[in-house]
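Here the structure is laid out as structure tokens; the discussion comes afterwards.
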Amino acid sequence: MAASLPLDPSKDAGGCPTTEDWTELLIETLRRPVQVSYGTSRTVPVRAQEKGQPPVFCVRLHRSFSEAPMDVCEALARWLLVGRRARKACTLLDDWIDQRMQREPVPPHSAPTLHPDGTTYDLGTLAQEVLAQCFEGHFGEGRPIPELTWGRRARSRSRHSLRLGSFDPLTHVIRLHPVLDQAEVPRWFVCFVLAHELLHAKWPPKRGSGRRWIHHGAQFRAEEAAHPDFERAHEWEKLQLPGLIRSARQGTTFRAKRSRRLRDLIGRKGGR
Ligand SMILES: [Zn+2]
């Protein structure tokens, strides 16, 4: 049988690939039973897994693949066939997916509930200070300030690490770990973590060479290093992290460790 690869060009004139077109294309390329369906996941726009007995290769594509041009269709087929070794196809596919996902509206149900007012620290108040101190003129018209919230007080299971803050570019929300909302965590440290996450909003992740995501790029690092509390914040984190992890795991009150070096550093800066 003559391969109908790529999709029948006659369908390209205004025609969009249906799931049947995709199935046909992928069976031709992969030479195995395939079933294609459309979905709405922005975070996993392509999901492929073998299911059932006899096995069928089930491919779920974001619905925007119904508007994919022919070269993208071919690139996807090639990627499913040989994986990341298909470098050119991967680049083409990644770029197209990035572009398309940016156009997709964020579904309303993903809007998180916000709790900026903690028991010790109100993130709104702290953010005002941080913005005035480090982000003068950056946020405003067309560049909204991210929403702020404390994370949920679920017990952490990790023994070795703790994510103190995060910025979600999709929902535009900065979330701080509730372990920081305690009296023995200095106010300036919480402000520093907030500044770090606000820098993520200012310098969103971008793809570097080798298609890896760069979260802390050169500009990000330079601005963070220029923060007046950069040094003592890193020193404080290094010293207190085991205690913070314990507090997050056990749900107990955090007690800060004392250290002369830190006291000297903080002393120079002046208290909290
Ligand atoms: Zn970061």
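The values are calculated or read from the model by the stated rules, or taken from the named source; none is laboratory data. Because the structure is predicted, anything quoted here is derived from the model rather than measured. Note that we place each Cβ from the backbone using ideal geometry, even for glycine, and neighbour counts take in every protein chain shown.
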request  = Residues being more than 12 Å from the chain's Cα centre (by Cα) and modelled with pLDDT under 95: count how many of those fall in segment 164-191.
outcome  = 0
ask   = For segment 89-111, does any single residue satisfy the condition of being surrounded by 15 or more Cβ atoms within 10 Å (Cβ to Cβ), under 30 Å from L176 (Cα atoms) and among the small types (G, A, S)?
value = no
task = Six or more apart or on different chains, Cβ under 7 Å: which pairs go from a residue in segment 107-123 that's closer than 28 Å to P186 by Cβ to one that's modelled with pLDDT of 95 or more and loosely packed, with under 14 Cβ neighbours inside 10 Å? Could you list them?
result = P116/G124; T120/A183
request  = Kindly establish whether G165 is under 17 Å from Y121 (Cα atoms), free of Cβ contacts under 8 Å to residues at least 40 places away in the same chain and within 13 Å of the ligand (Cβ to nearest atom).
outcome  = yes
ask   = If you scan segment 57-74, which residues turn out to be more than 25 Å from the chain's Cα centre (by Cα), in a helix (DSSP H, G or I) and more than 12 Å from W22 (Cα to Cα)?
value = D71
key: Flag if S166 is under 18 Å from A233 (Cα atoms) and touching a Lys or Arg at 6+ places or on another chain (Cβ under 7 Å)   = yes
request  = Report yes if some residue within segment 140-159 is assigned to a loop (DSSP other than H, G, I, E, B), within 16 Å of the ligand (Cβ to nearest atom) and loosely packed, with under 14 Cβ neighbours inside 10 Å; otherwise report no.
outcome  = no
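Evaluate the following for E237: is it among the charged types (D, E, K, R), surrounded by 15 or more Cβ atoms within 10 Å (Cβ to Cβ) and in contact with a Phe, Trp or Tyr (Cβ under 8 Å, 6 or more places away or on another chain)?
The answer is yes for E237.
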query = Given the residues R211, R207, which is the only one that is in contact with a Phe, Trp or Tyr (Cβ under 8 Å, 6 or more places away or on another chain), of a type outside the set (A, V, I, L, M) and modelled with pLDDT under 95?
reply = R207
request  = Test each condition in (1) of a type outside the set (D, E, K, R); (2) at pLDDT below 95; (3) under 30 Å from T113 (Cα atoms); (4) in contact with a Gly (Cβ under 9 Å, 6 or more places away or on another chain) for L194 and report the one that comes out false.
outcome  = (2)
remark   = Of all helices (runs of 4 or more DSSP H) fully inside segment 170-262, the set with 1 or more residues that are over 20 Å from C134 (Cα atoms) and within 15 Å of the ligand (Cβ to nearest atom) is 230-250
